[in-house]
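The values are calculated or read from the model by the stated rules, or taken from the named source; none is laboratory data. In this text the structure is predicted, and so the values were computed from the model without any measurement. Cβ: placed from backbone, ideal geometry, glycine included. Neighbour counts: every protein chain shown.
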Amino acid sequence: MTSPDHLVLFMPSGKRGRFATGTPVLDAARELGVYVESVCGGRATCGRCQIEVQEGQFAKHKITSSNDHISPVGPKEQRYDRVRGLPEGRRLSCSATIQGDLVIDVPQDTVINAQVVRKDADQRHIERNPAISMCYVEVEEPDMEKPLGDLDRLLAALERDWGYEKLEVDFHLIPKVQKILRAGEWKVTAAVYHDSQDTRPRLIALYPGLKNEAYGVACDIGSTTIAIHLSSLLSGRTVASSGTSNPQIRFGEDLMSRVSYVMMNPDGREAMTKAVREAINTLIGKVCDQGEVSREDILDLVFVGNPVMHHLFLGIDPTELGGAPFALAVSGAVHTKAAEIGISANEGARVYMLPCIAGHVGADAAAATLCEGPHRQEEQMLLVDIGTNAEIVLGNSTRTVAASSPTGPAFEGAEISCGQRAAPGAIERVRIDKETLEPRFRVIGVDQWSDEEGFAEEAAKVGITGICGSAIIEVVAEMYLTGIISEDGVVDGNMAARSPRILQNGRTFSYLLYEGAQKITVTQNDIRAIQLAKAALYAGIKLLTDKLGIDHVDRIALAGAFGTFIDPKYAMVLGLIPDCDLEKVKAVGNAAGTGARMSLLNRDYRREIEETVRRIEKIETALEPKFQDHFVAAMAMPNKVDHFPELQKVVTLPVRKVLEDATGEAGGRRRRRSR
Ligand code: FES
């Protein structure tokens, strides 16, 4: 009599299939392509293969699942429970067998000897399928009769137990293999790197005994800051995170000044490559200390960054990125060994760098795209990462387009008379009373608003030193909403009669936001700088909507630090972003960092973004004739030609008034920003 088939459904993947009585749950998972970790190869010693039975009637799937439908806890599981402890309800899928219909939950948090777990890192659930597998094997001891080398017997064991045929071997292991085999008394754990089905798996590290942990690093190299996460490749947990400012700042504040530095200095590229790699090595040391992890246990590293950061990190001269046609040395994903680029981790550790989308839209934008997934959904999603160059991706599952816009550093507080980086003492929120034109504001490091009790005492501790990016957006938007500035961004001098806060400076006027140890004003030039920056961004977005032939976006994701702190409503009042239901505009934080972590923990995401980047249509804003028209229209607030019906559901926009500024020109300088 043949065994009856049982229906088994794995969650959260939703994969299902029929299996005979007695099939180990781990084998069923493998057959369906459900990722369940295993290091010991089914010896019930690593504890990595844990699953849970979900009990109950699953009408939709026509399954009645019960703990009676899985084999009782056997001696191997009992032994594991005695030695290591098995949480209530958990089973080892290598030992438990199928006895009836089952719904199986594969927990994504199987932590063995839990290290410090960092809670504030983005805790999004990332399904795992890492490029590294840890494979425990027991190798035959040498025998005079069979003159096979130690390495060859190791490879035979890996083929026998793990199915790896013709495994390639990193050369650095060959001189060490005999010592490691003997140290482990012929029991060793091999780290096998297999990034894609198109490449051969490769033995990259070898540990004596059962090595039940392996780590990976995801790193976002920003032009201002470098952020790093250390994650377990076997459980997916982020065990430590850290960040530092990019030391390349000493060679140039923004990207183009760093490219110029390379052009002007013969050793410039080397110096900047060395600086960023050193900073990353220091950060790796820091997260290893925090997570109590040895550098030797880091086997895979993923990096993202904008094109200039990408090139400098890899040791590529970025000069070509300094001018049209902004040619990348390499746009596809880069695979290399950490040791080859001076990154200190395990000697065999691998590096994966995500592909770049275009000459100004880098691997960071690709990672943010992977994280937010405009290409996975039906709605038209706009993804914007605002820095000195805004990277913009727009589209849905049918078609996706990308561009960058030269916004300049105004949003980061540069080019603004009282601008500063977001730090204690910086004004971060601003409201202006419509009647009195009096402001109230919040300062970083102080809990109260400026008109609340206790503000003065608290503010005295940090000082009030300037305005940061989020407040610049708010103050200009509020000045527009209260009529202090016109639609064209001109400060209305007539308002001086209404409020002593409107100050005359020669032929233009400014708004006095705060007067204390320091006088903080918003000048006509500040407003112009913001207009130029927001017009550049909006014009870039318009080129993309033109390209797709759409007149509105369904969803907006604001990535990066700036996107996290700006209030979407004010960004829209200013016309920085297009009209959209405000409920569907969200800050997505460090989406690039999360995309890097996704690529670290699951090699399928690497294929997904490589394929997506190939499909993304790239637009070079500098070459598009319509950029100028869109730019001019976008100098107005929110926009000279576009309507903002969604915004107007929540905000009453002022009636148009046209004023002339000192140059006699309404709407400010009509010029294209140079890159
Ligand atoms: Fe190691 Fe099950 S595979 S305990």
Can you find even one residue in region 13-22 that is surrounded by fewer than 18 Cβ atoms within 10 Å (Cβ to Cβ), without any contact (Cβ under 8 Å) to a residue 12 or more places away in the chain and among the small types (G, A, S)?
yes
Going residue by residue through region 612-626, is there one that turns out to be under 22 Å from N306 (Cα atoms), crowded, with 19+ Cβ neighbours inside 10 Å and among the basic types (K, R)?
no
Any chance G163 is free of Cβ contacts under 8 Å to residues at least 60 places away in the same chain and within 20 Å of R128 (Cβ to Cβ):
yes
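Going residue by residue through region 260-274, is there one that turns out to be among the hydroxyl-bearing types (S, T, Y) and within 27 Å of V384 (Cβ to Cβ)? Steps first, answer last, please.
As a first pass, look at region 260-274 and keep what is among the hydroxyl-bearing types (S, T, Y): 260-261, 273.
Retained after the next criterion (residues that are within 27 Å of V384 (Cβ to Cβ)): 260.
Looking through region 260-274, at least one residue is among the hydroxyl-bearing types (S, T, Y) and within 27 Å of V384 (Cβ to Cβ).
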Condition (residue is modelled with pLDDT of 95 or more, away from the ligand (no atom under 16 Å from the Cβ) and part of a helix (DSSP H, G or I)) applied to region 135-150: is it met by at least one residue?
yes
Quick one: how many residues across region 262-298 are assigned to a loop (DSSP other than H, G, I, E, B) and not aliphatic (A, V, I, L, M)?
5
Could you please tell me which pairs satisfy a Cβ distance under 7 Å, a separation of 6+ or placement on different chains, a first residue in region 136-150 that is closer than 17 Å to G184 by Cα, and a second residue that is among the basic types (K, R) and not in a strand (DSSP E or B)?
V139/R153; E140/R153
Find the strands (runs of 3 or more DSSP E) located wholly in region 365-447 whose residues include 1 or more that are of a type in the set (S, T, N, Q) and within 23 Å of the chain's Cα centre (by Cα), and list them.
400-405
All positions within region 185-201 that are of a type outside the set (F, W, Y), assigned to a strand (DSSP E or B) and within 28 Å of the chain's Cα centre (by Cα)
A191, V192
Residues located in region 207-234, provided they are assigned to a loop (DSSP other than H, G, I, E, B) and either closer than 30 Å to Q178 by Cα or not small (G, A, S) (or both)
G209, L210, K211, N212, E213, A214, T224, L233, L234
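Hey, could you check region 505-522 for residues that are in contact with a strand residue (DSSP E or B) (Cβ under 8 Å, 6 or more places away or on another chain) and farther than 24 Å from V462 by Cβ and say which is surrounded by the fewest Cβ atoms within 10 Å (Cβ to Cβ)?
Selected residue: T508.
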If I go through region 324-339 residue by residue, how many of them are at pLDDT 95 or above and out of contact with any strand residue (DSSP E or B) (no Cβ under 8 Å at 6 or more places or on another chain)?
4
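Test K286 against the criterion of being among the basic types (K, R), more than 25 Å from A365 (Cα to Cα) and either surrounded by fewer than 20 Cβ atoms within 10 Å (Cβ to Cβ) or touching a strand residue (DSSP E or B) at 6+ places or on another chain (Cβ under 6 Å) (or both), and give yes or no. Please lay out each step first, then the result.
On the way: among the basic types (K, R): yes; more than 25 Å from A365 (Cα to Cα): yes; either surrounded by fewer than 20 Cβ atoms within 10 Å (Cβ to Cβ) or touching a strand residue (DSSP E or B) at 6+ places or on another chain (Cβ under 6 Å) (or both): yes.
It is true that K286 is among the basic types (K, R), more than 25 Å from A365 (Cα to Cα) and either surrounded by fewer than 20 Cβ atoms within 10 Å (Cβ to Cβ) or touching a strand residue (DSSP E or B) at 6+ places or on another chain (Cβ under 6 Å) (or both).
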Where a residue in region 59-88 is without any contact (Cβ under 8 Å) to a residue 24 or more places away in the chain and outside any helix (DSSP H, G or I) and its partner, wherever it lies, is buried (at least 16 other Cβ atoms within 10 Å of the Cβ) and of a type outside the set (D, E, K, R), with Cβ under 7 Å and at least six apart
G74/S95
Report, by residue number, each residue of region 436-486 that is β-branched (V, I, T), touching a Ser or Thr at 6+ places or on another chain (Cβ under 8 Å) and in contact (Cβ under 8 Å) with a residue 60 or more places away in the chain.
T436
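Can you tell which of G33, G42 is surrounded by fewer than 21 Cβ atoms within 10 Å (Cβ to Cβ), within 22 Å of L233 (Cβ to Cβ) and more than 16 Å from the ligand (Cβ to nearest atom)?
G33
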Name the residues in region 283-322 that are over 30 Å from L206 (Cβ atoms) and without any contact (Cβ under 8 Å) to a residue 60 or more places away in the chain, would you?
P307, H311, I316, D317, E320
If we ask which residues in region 575-597 are at pLDDT 95 or above, part of a helix (DSSP H, G or I) and buried (at least 22 other Cβ atoms within 10 Å of the Cβ), their number turns out to be 3
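Check region 91-103 and report whether any residue there is among the acidic types (D, E) and at pLDDT 95 or above. Walk me through how you get there before you give the answer.
From region 91-103, those among the acidic types (D, E) are 101; that's our starting set.
Retained after the next criterion (residues that are at pLDDT 95 or above): 101.
Among the residues of region 91-103, at least one is among the acidic types (D, E) and at pLDDT 95 or above, which makes the answer yes.
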Evaluate the following for E253: is it at pLDDT below 95, of a type in the set (D, E, K, R) and either closer than 24 Å to L601 by Cβ or in a loop (DSSP other than H, G, I, E, B) (or both)?
yes
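Go through region 551-570 and give me each residue that's of a type in the set (A, V, I, L, M, F, W, C) and either in a strand (DSSP E or B) or modelled with pLDDT of 95 or more (or both). Break it down into steps so the answer makes sense when it comes.
As a first pass, look at region 551-570 and keep what is of a type in the set (A, V, I, L, M, F, W, C): 553, 556-559, 561-562, 565-566.
Across region 551-570, the qualifying residues are V553, I556, A557, L558, A559.
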Checked against (1) at pLDDT 95 or above; (2) surrounded by fewer than 20 Cβ atoms within 10 Å (Cβ to Cβ), G348 satisfies every condition except (2)
How many residues does region 45-85 hold that are over 20 Å from Y136 (Cβ atoms), among the small types (G, A, S) and either away from the ligand (no atom under 16 Å from the Cβ) or touching a helix residue (DSSP H, G or I) at 6+ places or on another chain (Cβ under 7 Å) (or both)?
4
From the set of residues in region 86-106 that are charged (D, E, K, R) and within 14 Å of the ligand (Cβ to nearest atom), which is surrounded by the fewest Cβ atoms within 10 Å (Cβ to Cβ)?
R90
